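The structure under discussion appears below in the form of structure tokens.
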Amino acid sequence: MAPGNAATQSSHVAGQIMVKFRDKGAAAGALRQHGLREGPGIGSTGAQLINVPAGKELQLIEALSRNPVVEYAEPDEQVTAATNDQYFPQQYALQNTGQSLTSANGTPVAADGTADADVDAVEAWTATTVKGTPVAILDSGVANVHDDIAPQVVGFANFVSADTKEDPKADPEDKYGHGTHVAGIVAAKANNTIGVAGVCPDCTILDVKVLNDSGSGSSSAIANGISWAAANGAKVINMSLGQRVSSRTLETAVNNAWNRGVVIVAAAGNAGTQAKIYPGAYPNVIAVAATDNRDVKASFSTYGRWVDLAAPGVNVYSTFPNHPFVLGTQNGRSTGYDIGSGTSMASPIVAGVAALVWSRSADTANSTVREKVQSTADNIDGTGTLWEHGRVNACKAVDGDCPQP
Ligand SMILES: [Ca+2]
Ligand SMILES: [Ca+2]
Ligand SMILES: [Ca+2]
């Protein structure tokens with residue numbers, strides 16, 4: 001964008017204005033005085049869309065407004081996407097207009113969605129004031145070089161052991177790709193023209209590496225990561241991971257973090273069954289199932305009354321490393337940005353919403369934040385059976401000015 005461009009740019013559609021007449025019978029005559037003709041009606045509004053010479057819009061609006069038969073005349077304002085991020089139109093989870101979805105290479109992946117099968121994130125943003133709410137991402141790391149997510153990272157810890165004895169810690173870089181995608185869903189920078197927007201774009205990320213370059217980890221590494229995050233100021237911990245066997249060490253780490261005031265969110269799992277996984281199934285963790293762009297449960301998503309919430313987790317656009325990564329090699333995903341599917345993608349949407357609730361004021365308790373996120377979820381099909389509460393709604397969670405369904 002050229003300097004000063006925004007200031008000179010017109011914000012209304014050229015060549016047309018919207019006019020409503022008090023007396024429809026007088027419309028043609030009034031318009032003719034200015035060399036204009038009647039135009040098509042605009043929905044149920046009673047107004048007409050009138051063609052005018054480009055550049056004369058405001059002048060003609062002023063002239064018509066002086067005519068007593070005109071109720072009002074106004075410019076046809078340009079409505080733009082809620083953010084200018086390149087892939088925002090693909091981010092149905094934030095704002096679903098029923099758009100079709102494609103992957104980064106242009107392959108169609110989903111036909112028309114259901115409008116407003118989304119978390120109303122855009123409406124939620126206007127209701128938050130606090131910037132820099134820290135969200136810990138316990139995962140495979142976050143790409144160190146990436147304009148849309150790396151600048152959001154304010155803290156780092158590595159609990160993954162390297163294979164070699166000489167180097168006790170694994171490479172901190174995200175070579176698997178999972179953690180970078182999850183972090184972007186929470187807090188990718190919005191309105192910087194590139195990439196995507198996170199659910200909480202003014203949040204910061206604590207990058208806690210607990211998964212290795214193959215995407216696996218251990219209960220002990222995760223317990224270490226939870227403890228580090230809680231001690232280092234995380235308001236929310238996201239764990240897009242799970243194990244089928246419960247661990248007393250893991251649960252203790254979870255409970256200690258909860259008692260320190262952290263909201264803890266985890267994936268419900270991708271088994272497609274009702275089998276519990278941990279840490280999601282612990283009482284102090286919000287477990288999240290995955291839905292699609294029609295508010296329907298993903299076939300792969302684990303479900304059941306033990307699952308707390310649902311969130312979009314199918315074809316979710318986010319950041320990937322700018323270098324080759326394992327998930328890209330396995331699935332042909334593009335570097336930089338692409339879609340991903342899994343309860344791993346649904347969990348950070350809830351984590352981002354919890355962070356938005358924290359971002360309203362500094363003195364909310366974690367129990368209040370959790371209650372707010374759960375009690376305001378949209379009551380979609382499956383609520384009470386496939387998951388206890390509904391599909392998360394960011395706008396309602398922050399008491400925003402939310403669209404009516
Ligand atoms: Ca919406
Ligand atoms: Ca962006
Ligand atoms: Ca739980």
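The values are calculated or read from the model by the stated rules, or taken from the named source; none is laboratory data. Computed from a predicted model, the values in this text were never measured in an experiment. Every residue, glycine among them, receives a Cβ derived from its backbone with ideal geometry; neighbour counts consider all protein chains shown.
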Please pick out the residue among W258, W228 that is touching a residue at least 60 places away in the same chain (Cβ under 8 Å), within 16 Å of ligand 3 (Cβ to nearest atom) and surrounded by fewer than 24 Cβ atoms within 10 Å (Cβ to Cβ).
W258
State whether the residues of the stretch 378-386 include one that is surrounded by fewer than 23 Cβ atoms within 10 Å (Cβ to Cβ), more than 24 Å from N96 (Cα to Cα) and away from ligand 2 (no atom under 16 Å from the Cβ).
yes
Just the residues that are within 14 Å of ligand 3 (Cβ to nearest atom) and small (G, A, S), please, taken from the stretch 281-299.
A281, A287, A289
Within the stretch 74-98, restricting to residues that are under 20 Å from K297 (Cα atoms) and touching a residue at least 60 places away in the same chain (Cβ under 8 Å), the one that is nearest to ligand 2 (Cβ to nearest atom) is Q91
Some residue of the stretch 352-365 being in contact with a helix residue (DSSP H, G or I) (Cβ under 7 Å, 6 or more places away or on another chain) and either among the acidic types (D, E) or without any contact (Cβ under 8 Å) to a residue 40 or more places away in the chain (or both)
yes
Picked from the stretch 196-234 (must be outside any helix (DSSP H, G or I) and of a type in the set (S, T, N, Q)), the residue farthest from the chain's Cα centre (by Cα) is S218
By my count, helices (runs of 4 or more DSSP H) wholly in the stretch 306-405 with at least 1 residues that are of a type in the set (S, T, Y) and more than 16 Å from ligand 1 (Cβ to nearest atom) are 326-331, 343-358, 366-375
The residue from A346, A365, A355 that alone is of a type in the set (A, V, I, L, M), under 20 Å from V262 (Cβ atoms) and either over 13 Å from the mean Cα position of the chain (by Cα) or surrounded by fewer than 24 Cβ atoms within 10 Å (Cβ to Cβ) (or both) is A365
Could you check, for the stretch 122-133, whether at least one of its residues is touching a strand residue (DSSP E or B) at 6+ places or on another chain (Cβ under 6 Å) and assigned by TED's automatic domain parsing to the domain that holds A197?
yes
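Residues are listed down the side, and each one gets a yes or a no for (1) within 15 Å of ligand 3 (Cβ to nearest atom); (2) among the hydrophobic types (A, V, I, L, M, F, W, C); (3) surrounded by fewer than 19 Cβ atoms within 10 Å (Cβ to Cβ):
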{"site": "A221", "(1), (2), (3)": "no, yes, no"}
{"site": "K235", "(1), (2), (3)": "no, no, no"}
{"site": "T252", "(1), (2), (3)": "no, no, yes"}
{"site": "P279", "(1), (2), (3)": "yes, no, no"}
{"site": "W306", "(1), (2), (3)": "yes, yes, yes"}
{"site": "A310", "(1), (2), (3)": "yes, yes, no"}
{"site": "S318", "(1), (2), (3)": "no, no, no"}
{"site": "H323", "(1), (2), (3)": "no, no, yes"}
Can A117 be described as in contact with a Gly (Cβ under 6 Å, 6 or more places away or on another chain), farther than 23 Å from P279 by Cβ and within 16 Å of ligand 1 (Cβ to nearest atom)?
no
With the stretch 104-160 as the region, which strands (runs of 3 or more DSSP E) entirely inside it contain at least 2 residues that are modelled with pLDDT under 95?
108-110
H181 passes all but one of the listed conditions (1) in a loop (DSSP other than H, G, I, E, B); (2) surrounded by 23 or more Cβ atoms within 10 Å (Cβ to Cβ); (3) not aliphatic (A, V, I, L, M); the exception is number (1)
